[in-house]
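One structure below.
The values are calculated or read from the model by the stated rules, or taken from the named source; none is laboratory data. No experiment lies behind these values; they were computed from the predicted model shown. With ideal geometry, Cβ positions are generated from the backbone for all residues, glycine too; neighbour counts draw on all protein chains shown. Heads up: the accessible areas ignore ligands, DNA and RNA and are worked out on the full protein's heavy atoms, side chains in. Shrake-Rupley method; radii C 1.70, N 1.55, O 1.52, S 1.80 Å.
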There are 2 protein chains.
Amino acid sequence: MPTPARTDRDAIVAAACALLEEGGTDAVTMQAVAERVGVRSPSLYKHVANRRALLDLVVGAAVADLDARSGAARGPEDARRSITAQVEGLRRFARERPRAWALVMGIAPDGPQPTTESAEASVRSLLEAVAELTGPEHALDGARLVVAWANGFIAMELAGAHRLGGDLDGAWRWGLDRMVDALGSDRAAG
Amino acid sequence: MPTPARTDRDAIVAAACALLEEGGTDAVTMQAVAERVGVRSPSLYKHVANRRALLDLVVGAAVADLDARSGAARGPEDARRSITAQVEGLRRFARERPRAWALVMGIAPDGPQPTTESAEASVRSLLEAVAELTGPEHALDGARLVVAWANGFIAMELAGAHRLGGDLDGAWRWGLDRMVDALGSDRAAG
DNA sequence: CCTGATGGCTAATTATCTTAGCCATCATGC
DNA sequence: GCATGATGGCTAAGATAATTAGCCATCAGG
């Protein structure tokens, strides 16, 4: 090889991820990223096309991270427990990396536009659990119900929109219980 | 008064709103806004503090718009219909002004906040309808369930995350039906 | 020992936000 | 009718960020 590389794409993406959580999308400047990996900003362009592409890579890394956790959380045989574990995992991720989560959800003001095809791929194992409750017919509908609720709840939680007081964790559990009950109601009712 | 003003804050905010929907947050440059209202960009600073503040005003206008629609949608006596009408209104708004909706959903804790009053007002009628199904004890939990689901569904819909196929409108109706059923299940079950 | 691809650098361009400072206007009070 | 001062416009200029252009050092391989 030529001149020994002082950094690489992974390090750059990692630095960008860190900056994202520290200061939001605005903090992810090419200069800040460059400084963190120990080069000058123009050198970054030898590794990523531009800032936009870098943010896309950050989103991709976040989705991969989420997938990894989701895979790790897979396990419980019981459908109800499985669903619970998965939405809890989603919530945990969102709390640990709120800005990355917002970026993945597509609700970040300056974020890259929906690159989220894989967002729902990570939900595939959820489909199986849901199908046990709804039957195959409405597995997709049911998964969408659960994921929409979880993401909506998390979004409002992170945005601080839940300020009418009350017990937030209680609302989460209550909502989850009702929702999982509802998944099976279709079958029971016919 | 002095020199006749060639524009005013409302016109500026309106222009910013239009630009937002046309090209996203990035398109809301001071220059573009200025051009649209017929002045040079520095003149905007006689009406708004800076770009950040302008975006805050846009969010505020969006919230007000949403509240107004929500108020107009109030009416149906039947709790189920009322809830349906309100989430449909939310979805309609999100479809008409997707970027504004995302901005409202994405507001960071440190960012602009809708006033507690307006937020509470727009939620009050939903609370009433939900309370009819859940009883007063879980009205707030129930409202959170519904709003979280609706916003989450809309977010995923707008982000294009719903590309596993299937009937989206059907999923919306199915989810809504299950959810409203679930609101009452607590009572029935004891 | 050439050679060329790689990855770093400096310098410069462009776009944008923002501030500084100037000037015209016109409602008001004399 | 005329001085006046606050208002809202303008041009010029400074700061910050993304990006491009073009140069140079390194080192694997022939």
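Look through region B:19-38, keep the residues that are within 14 Å of chain A (Cβ to nearest Cβ) and polar (S, T, N, Q), and return whichever of them is farthest from DNA strand D (Cβ to nearest atom).
Filtering first and then ranking leaves B:T25.
Taking the condition surrounded by fewer than 19 Cβ atoms within 10 Å (Cβ to Cβ), at pLDDT below 95 and within 12 Å of DNA strand D (Cβ to nearest atom), does A:P4 pass?
Yes, satisfied.
Go through (1) over 30 Å from A:A143 (Cβ atoms); (2) away from DNA strand D (no atom under 12 Å from the Cβ); (3) of a type in the set (A, V, I, L, M, F, W, C) for A:A16 and report which single condition fails.
Condition (2) is where A:A16 drops out.
How many of the residues making up region B:141-168 are under 23 Å from B:A129 (Cα atoms) and acidic (D, E)?
Here the count works out to 1.
Of the residues that sit in region A:63-120 and are out of contact with any helix residue (DSSP H, G or I) (no Cβ under 7 Å at 6 or more places or on another chain) and open to solvent by less than 40 Å² (accessible area, probe 1.4 Å), which one is modelled with the lowest pLDDT?
Selected residue: A:E120.
Does at least one position in region B:39-56 carry a residue that is within 13 Å of DNA strand D (Cβ to nearest atom), open to solvent by less than 20 Å² (accessible area, probe 1.4 Å) and either within 24 Å of B:R95 (Cβ to Cβ) or at pLDDT 95 or above (or both)?
For region B:39-56, residues within 13 Å of DNA strand D (Cβ to nearest atom), open to solvent by less than 20 Å² (accessible area, probe 1.4 Å) and either within 24 Å of B:R95 (Cβ to Cβ) or at pLDDT 95 or above (or both): present.
So if I check each of B:V58, B:V63, which one is in contact with a Cys (Cβ under 9 Å, 6 or more places away or on another chain), closer than 14 Å to B:V104 by Cα, within 14 Å of chain A (Cβ to nearest Cβ) and in a helix (DSSP H, G or I)?
On inspection, the qualifying residue turns out to be B:V58.
For region A:23-55, which positions are polar (S, T, N, Q) and part of a helix (DSSP H, G or I)?
Within region A:23-55, A:T25, A:Q31, A:S41, A:S43 meet the criteria.
So which of A:L158, A:L145, A:L164 is of a type outside the set (D, E, K, R), in contact with an Asp or Glu (Cβ under 8 Å, 6 or more places away or on another chain) and within 27 Å of B:V123 (Cβ to Cβ)?
So the residue among A:L158, A:L145, A:L164 that is of a type outside the set (D, E, K, R), in contact with an Asp or Glu (Cβ under 8 Å, 6 or more places away or on another chain) and within 27 Å of B:V123 (Cβ to Cβ) is A:L164.
Evaluate region B:179-186: report whether one residue or more is modelled with pLDDT under 85 and at positive phi. If you could, list the steps in order and put the result at the bottom.
Within region B:179-186, the subset modelled with pLDDT under 85 is B:185-186.
Then drop every residue that is not at positive phi, which leaves none.
No, because not a single residue in region B:179-186 is modelled with pLDDT under 85 and at positive phi.
Pick out the one residue from B:V59, B:V33 that is within 23 Å of the chain's Cα centre (by Cα) and more than 12 Å from DNA strand C (Cβ to nearest atom).
B:V59
Can you pull out the residues in region B:24-38 that are open to solvent by less than 50 Å² (accessible area, probe 1.4 Å) and at pLDDT 95 or above? Even if it seems obvious, please write down each step before you answer.
Restricting attention to region B:24-38, the residues satisfying the condition of being open to solvent by less than 50 Å² (accessible area, probe 1.4 Å) are B:24-25, B:27-28, B:30, B:32-34, B:37-38.
Result: B:A27, B:V28, B:M30, B:A32, B:V33, B:A34, B:V37, B:G38.
Can you pull out every residue in region B:6-30 that is more than 25 Å from B:R95 (Cβ to Cβ) and within 10 Å of DNA strand C (Cβ to nearest atom)? Quick ask: steps written out before the conclusion?
Initially, region B:6-30 is screened for residues more than 25 Å from B:R95 (Cβ to Cβ), giving B:6-9, B:11-12, B:29-30.
Residues satisfying the conditions are B:T29, B:M30.
Mind telling me which of the residues A:A16, A:A5, A:A49, A:A27 ends up being without any contact (Cβ under 8 Å) to a residue 40 or more places away in the chain, farther than 25 Å from A:F153 by Cα and in contact with a helix residue (DSSP H, G or I) (Cβ under 7 Å, 6 or more places away or on another chain)?
After applying the criteria, what remains is A:A27.
Working carefully through the options A:R99, A:R69, find the one that is farther than 15 Å from A:L19 by Cα and either away from DNA strand C (no atom under 16 Å from the Cβ) or away from chain B (no Cβ under 14 Å) (or both).
So the residue among A:R99, A:R69 that is farther than 15 Å from A:L19 by Cα and either away from DNA strand C (no atom under 16 Å from the Cβ) or away from chain B (no Cβ under 14 Å) (or both) is A:R69.
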